[in-house]
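Bear in mind these aren't lab numbers, they're just calculated from the coordinates by the rules spelled out. Everything numeric here is computed off the predicted structure, so don't read it as measured data. Note that each Cβ is placed from the backbone with ideal geometry, even for glycine, and that neighbours are counted across all protein chains shown.
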Amino acid sequence: MISNSDIEKILDRADIVDVVGQFVQLQRAGIRYKACCPFHQEDTPSFMVDQARGLWYCFGACHEGGNVIKFVEKINNMNFPEACHWLADKYGIEIEDKKEQKNPEEIKEARKRASMFAINEFASQFFLHNLKKPEADAARAKIKQRWGEQYPQEQGIGYALPSWSAFSEAAIKAGYSADLMVECGLIRKRKDGDGYYDFYRDRIMIPIRDRFRNIIGWTARDMSEVDGTPKYLNSCQSDIYDKSDSIFGIDNAIRQAAKEEKFYCVEGAPDVMRLQSIGINNTIASLGAAWTKKQFYQIKRYATSLCFLPDADAVKPGEQYGTGIAAVIKSGQLAMECGFSVSVKEIPCGEGNTKNDPDSYCTSRTKFRDLEEVDYITWYAGYAFKADGTTEDKSAAVTKIAKMVAMVGDEVKEQMYLEQLKKIYNHKNLWITAINREKKKISESKADKTQTINRDLLAKYGFFESNNCYYSTNEGKEFQWSNFVMLPMFHIKDSLNPKRLYRIKNQNRQEEIVEMKQEDLVSLSKFKQKVEGLGNYIWLATEKEMTRLKMYLYEQTETAVEITQLGWNRKGFYAFGNGVFDTEWHPVDEYGIVRLGEKGNYYLPASSLIYRDDDKLFQFERRFVHLNYSSISLKEYFSKLVGVFGDNAKVGICFLLATLFRDIITGYTKSFPILNLFGPKGSGKSELGHSLMALFIIENIPPNIQNATIPALADLVAQCANALVHIDEFKNNIDIDKREYLKGLWDGAGRSRMNMDRDKKREITAVDSGVILSGQEMATADIALFSRLIFLTFAKSEFTEEEKRRYNELVEIRKRGLTHLTLQILRHRARMEQQFVSNYHTCLSDVLEALGAEKVEDRILRNWIIPLAAFRTLEGVLEIPFSYQDIRRVTLDGIIRQNAECKSNNELANFWNVVSYLQQDGEIFIEGDYRIEYLNKFKSSLIKIEQVYQEPKPILMMRKNRIFMLYKKFGKQVGDSILPEGSLMYYLENSKEYMGKKNSVRFKNIQHGVEVQKMETTPTGGVSYKKTSTPDVALCFDYRMIRETFNINLEVEVEGRETTEEDID
């Protein structure tokens, strides 16, 4: 069985345009997409896809629609679980199929709910069919006039006939349970005899849907206009409809709300339908004046801003506000208590001070947008001090408003509120005192509450506590069990290594916090060894008494789950070593426990008093912490980064944004690039890494890849999710195994290892981090690795005094920590879930169009698109000091530059491999076609000032013409692609190994492997043979770099005379 939370993840992450686009050719049609329906034959497109709502609908022969799961079910002929798994695979969502056995009562309940959903679906089709009948003319006209043509069809709005039994008879005839239909509120049992009658008659039937588009109830609008008839009737409470947590419009609203990070809250279903029909899709209603905490917590993960649109009601005599205003005052305060940022758009009353509401007023997007949006606190304050009131009234208002300001938890906003409130009620000191008092109350309410012991249970298990000791009685005599007592705190759940936390206190009032493994509690000897190791804690009783104590302790213990990987947790929060963040910060208590309500309790041992004095444990967890020491804004810090590092900082910032949502991105792309920072010593490459890492760890020290082992690197990358990891000192001569490991990071392959600390089974270490790799060498020795990078170059190593000042200022800022900026970015996760895929495709199309005929390697292209798409997704909600067009330009330049490097090094590798083969095959010869000289000094056409080396430097000097000719000949023979001579020369001259040309280098004349000798007559008339050589222009290269980069060896031991300066001058 697939859980509702997993279904929600699928609906959040799956882009309906992306999915439908795999099966049909979609075309833009305004804000929607259209196509010929894939489910019936047609020539004119009637199939519409609404990306903002995540819905599809066929307005042609099918008259059917739904969400992305229903489309996959229908197009692939799958059942619901199969469609969910199909989408989960596509978007990288882990689904936990629940296999637990249900008891008969649970099975019965699940079947009942399924039957009730089926009844409502039957009713929906019945009411839709009624709209075609003549009796429905007035209802059809009303529906069209209020909400247009398309929206009612998509929402399944129908009509209940005036008949007293049309629906009940049809449903019973179709085999649906009359008792369940009564529970659904669709029919009623007749009082004066057998049979049933329809509850809804002559009404427009509007379905109430849940998040998954199941119909859970109805809101029905009267068409009879009979006096005394309620205008609207809502479904009664049932097993599938609960007014306290059902939200009308939620099925359509979520995608738009996540994009805008805001919901618009109205009172009734007609208000929602009006606003959604004009494109304000993120509108929802509570179907009543009062919102509940359950409803607010449902929507908080998608948006943390709410804007209320109250009904404009005339103020009744003796009342301060109209009904709609009063409802929003109450709901707004509750929303703030739940952690929302709240605002209000107030609608004016109608003519003659008559009632107005969003349904009647907001007839267009323009009228809606023209409504002024004001902050809730100042809006409420305006009402609270509008009328003359007593001192008590004003005091109560000040207290209430101060409490709201205190709940904001932001000193900057607090000062802004203070200025606004002073204008409404000009008593600044009074406001300051009231706000500080309320802040203190909030702080005290969050203080730990010590768990109390249930003393009734002590009697239940036959022992009691006295003077911090346990005792039992036997025949009137007391028998002492221990000289200490244990306060149960938490059971840390783990399938392999469960443990329990206790506060242990002895009769001398000495106390400790102790973490006990399960094995410490199943053996009396281990238990005694554990407690006695803490100090003066002695167990005097037997194992029988210990069992009775355990029964008591276990019953009293809360449960928590240990967080073993920091960063993003699939339970819906981001963990630091000292607390977690969902939409707000939750610090650990002194025991390392974080309580998250319905999400459960979690244990972060690094922050527990138990390990306070052990500085060898949890070293990473104690550095990966949220410390609110800095108040610098996101825009300000990013501006300083760009001021120091230029365009490279822009790419780094975008890479950071992508990393914080890596799980969402890799779910779709299946890969994630490495950010490669390349440049000479002192160029600032590592400093950019440190500056990005400051959003996670203060003064991070990256490991040196030369010295680190692969297991150590694997642990580094696996210890946090959706966070950055920095690895330094990359060189091309690293072990081949390390190079392969780095390549595996790109597609999350990880590393296989034996799990020695758990169940000793083989496992794959996670690759959940974004990796920064810095070094002084380009990773071009392995083009497969190079193509997995986002390659940034740092060419400058000398800086002006102003540049140094800006850099030093940046260093001081990052020393204070920047995790508050990390939390600010993490608030926008819902937006990333909803918008990344569509922005990824938009950016890809945009960049491909800009590249035109330029051909680039696909892997490099897609690497660069990931941070660009992350930026585009978040640019509307984060203040970033550069634009999409700016980072798009940087991205295009980066793609073209990296592709050229990749192509160049590919071709050069091929060339040098050919040279190596020619040497090994006896086609070219050392000293005849090339020389390798170890020189203490050197100059050339490129190095015009003679360079002096501390130790001899190996320089490869190569005759161009003959080797180039053999390269072409050999390449053609084996079918390799051969570069034209001009291109090859260009690549060689622009390679990092090239050192220039040197004239008049002497090379031996060798033919067919034999040195050419010149016959001469000696003075005595004899014959002698002299070896010959020819001066030629030589291309010079750093041989050590050639050898390391391309893994070739051209050195051959040669007997003969030593090289003289004449040979190479």
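Annotations
- Between residue 1028 and residue 629, the C-beta separation translates, for a Förster distance of 60 Å, into a calculated FRET efficiency of about 0.20.
- Per-residue Cβ neighbour rank within 10 angstrom, fewest leading, 495, 883: 495, 883
- Using alpha-carbon coordinates, inclination of helix 647-659 to the longest axis of the chain, degrees: 50 degrees
- Cα-based shape type of region 796-876, given that a ≥ b ≥ c are square roots of the gyration tensor eigenvalues and the cut on a/c is 1.5: oblate
- Extension gain, residue 920 to residue 383, is 184.2 nm, computed as 0.36 nm per intervening residue step minus the present C-alpha separation.
- With Cα atoms, 0 to 90° folded angle of helix 736-746 axis to the chain main axis: 30 degrees
- Listed values for region 785-794 are Karplus-derived 3J(HN,Hα) couplings in whole Hz (6.51 cos²θ - 1.76 cosθ + 1.60, θ = phi - 60°), namely 6, 4, 6, 9, 9, 9, 9, 10, 10, 10, and x replaces Gly and Pro.
- Within straight-line cross-link reach of residue 530, lysines at Cα separation under 17 Å, skipping those fewer than 8 residues along the same chain: 499, 505, 517, 550
- Once both labels are positioned 7 Å from their Cα atoms along Cα-to-Cβ, the gap between residue 114 and residue 941 label points is 8.1 nm.
- FRET efficiency estimate (nearest 0.05) - Cβ-Cβ, residue 121 to residue 42, R0 41 angstrom: 0.95
- Short-range pairs are left out: with C-alpha atoms under 8 Å and at least six residues apart, the relative contact order of the chain is 6 percent.
- Computed on region 50-157, with alpha-carbon pairs under 8 angstrom and 6+ residues apart, the relative contact order is 18 percent.
- Taking every alpha-carbon pair under 8 Å whose residues sit at least 6 apart, region 250-352 reaches a relative contact order of 28 percent.
- The distance between label points at residue 315 and residue 244 comes to 3.4 nm (points 7 Å beyond Cα on the Cα→Cβ vector).
- Spatially proximal aspartates and glutamates relative to residue 903 (Cα-Cα < 20 Å; intrachain offsets below 8 disregarded): 777, 782, 854, 857, 858, 893, 976, 981, 989, 993, 1044
- You can think of it this way: the chain between residue 965 and residue 731 has 80.9 nm of extra reach, that is 0.36 nm per residue less the Cα-Cα gap.
- Helical runs assigned H by DSSP (4 residues or longer) give the chain a calculated mean residue ellipticity at 222 nm of -12500 deg cm²/dmol, each run adding -39500 (n - 2.57) before division by the residue total.
- Zone of residue 346's modelled label, taken as backbone nitrogen in region 243-269 under 14 Å from a point 7 Å along Cα→Cβ: none
- For region 263-392, lysine pairs separated by 8 or more sequence positions, or belonging to different chains, with Cα-Cα distances below 30 Å total 26.
- For region 455-543, fraction of C-alpha pairs farther apart than 19 Å, in %: 43 percent
- Once you reduce region 919-948 and region 359-395 to the center of their Cα atoms, the two points are 83 Å from each other.
- Taking a ≥ b ≥ c as the square roots of the Cα gyration tensor eigenvalues, region 389-445 comes out oblate, since a/c reaches at least 1.5 and a/b does not exceed b/c.
- Additional length obtainable on full extension of the chain from residue 478 to residue 394, 0.36 nm per residue less Cα span: 24.0 nm
- Charge dipole (the chain, unit charges on Cβ, about Cα centre) - positive-most of 947, 642, 1030: 642
- Positive-end extreme of charge dipole, region 634-900 - chosen from 675, 661, 844 (charges on Cβ): 661
- Degrees, to the nearest 10: 323-337 long Cα axis against longest axis of the chain: 40 degrees
- Within a straight-line Cα-Cα reach of under 22 Å, residue 132 can be paired with the following lysines, leaving aside sequence neighbours fewer than 8 residues apart in one chain: 142, 144, 173.
- Size of charge dipole - the chain - debye, nearest 20, with Cβ of Lys, Arg +1 and Asp, Glu -1, no other charges: 720 debye
- Whether region 113-239 is rounded, prolate or oblate, judged on the alpha carbon gyration tensor where a/c under 1.5 counts as rounded: oblate
- Taken along the Cα-to-beta-carbon direction at a fixed 7 Å, the label points for residue 616 and residue 950 span 3.9 nm.
- Taking every DSSP bridge with both residues inside the chain, close to 75 percent are antiparallel.
- Note on residue 305 and residue 229: with the Förster distance fixed at 45 Å, the Cβ-Cβ geometry gives a FRET efficiency of about 0.70.
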